[in-house]
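Accompanying notes for the structure given below.
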């Protein structure tokens, strides 16, 4: 299979690339790669604070949102305390808890959704940190503002709820939480974001979180110095200045997501309605799943076999452009 012919739809990357502003910023900063980066990227924090209507002291920036997830566990979960998340969700939550020898409990999904009601039976005096991917990866479903507020209103203020909105910019459901408003009311809420998805900077490894000032200060004290390159920081700044690219990416993704979902549904596949830039497919047997995966692979289309995340009988297809999605439908039809 020729590398040029491969269509990569396995990692939920932005198929439209990144903002030309960000690409220009990368080129301009190449001549400075012999210099150390800032220990504290103040300008980026200020820009993020302005963009999200918070104080810069509420911002934590890290080498991808995964590094921030790791930092939350390291900083706030004690040796005898526990992490709580959902089955069939982002694998890093449980993996990183395990790396730090912290117990992680998993609540079941309800119809492919991270239903917060399923969390309550697992909460105990050791529960310290709850991760909720919203939209959920890999199913693409969301929890609503009312559901998140209900959870925050019922649990102890000593339990941190990390709502992971890595794919939040792709959502067009009006029920999606206004997490910034909730964070101002509930200081135990932490909001995770990534420049890897709609911003198209996955290769530069940069993400950020919004949290109350005290938690942000604790997180910052534990961060590794010089972990963000000037190229990453300046590309992120430039990407934030190109909201037209973000809006266009979200619009095109929504259109292609609807087309791909409807066509796969017509062909009789089990697909979950998504609010993200991927679609989850589930099968009655692993052999059925393998047939679909192999057929696409033979035609140069690489999707994600969820077996690598411990999930049998399921695939995840990142939303491509119109040409890529037409090829998927042609192959599977």
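Figure legend: label point modelled 7 angstrom from the Cα of residue 28 along Cα→Cβ; residues of the range 211-249 with amide N under 19 Å from it are 229-246. What percentage of all Cα-Cα pairs in the range 1-123 are separated by more than 21 Å? Beyond 21 Å sits 64 percent of the P(r) for the range 1-123. Put simply, when 132-143, 16-27, 257-268, 163-174 are sorted by average Cβ atoms within 10 angstrom per residue, most first, you get 132-143, 163-174, 16-27, 257-268. Give the calculated FRET efficiency between residue 255 and residue 40 to the nearest 0.05, with a Förster radius of 30 Å applied to their Cβ-Cβ distance. The calculated FRET efficiency here is 0.15.
Counting only DSSP beta bridges with both residues in the chain, what percent are antiparallel, rounded to the nearest 5? The answer is about 45 percent antiparallel. As a rough footprinting exposure proxy, the listed residues 15, 114 were ranked by other beta carbons within 10 Å of their own, and the order from fewest upward is 15, 114. With the simple spin-label model, which puts each label point 7 Å out from Cα in the Cβ direction, the residue 295 to residue 273 separation comes to 2.5 nm. Counting beta carbons within 10 Å around each of 285, 127, 75 and listing the fewest first gives the order 285, 75, 127.
Students often check this: by mean Cβ neighbours within 10 Å, which of 53-63, 215-225 ranks highest, and how do the rest follow?
Ranked by mean Cβ neighbours within 10 Å, highest first: 53-63, 215-225.
When you count the other C-beta atoms within 10 angstrom of each residue and take the mean per peptide, 29-41, 230-242 line up highest first as 230-242, 29-41.
No lab work stands behind these numbers, since they all come straight from the coordinates. This is a predicted model, so every value here is computed, not measured. Cβ atoms come from the backbone with ideal geometry, glycine included; neighbour counts cover every protein chain shown.
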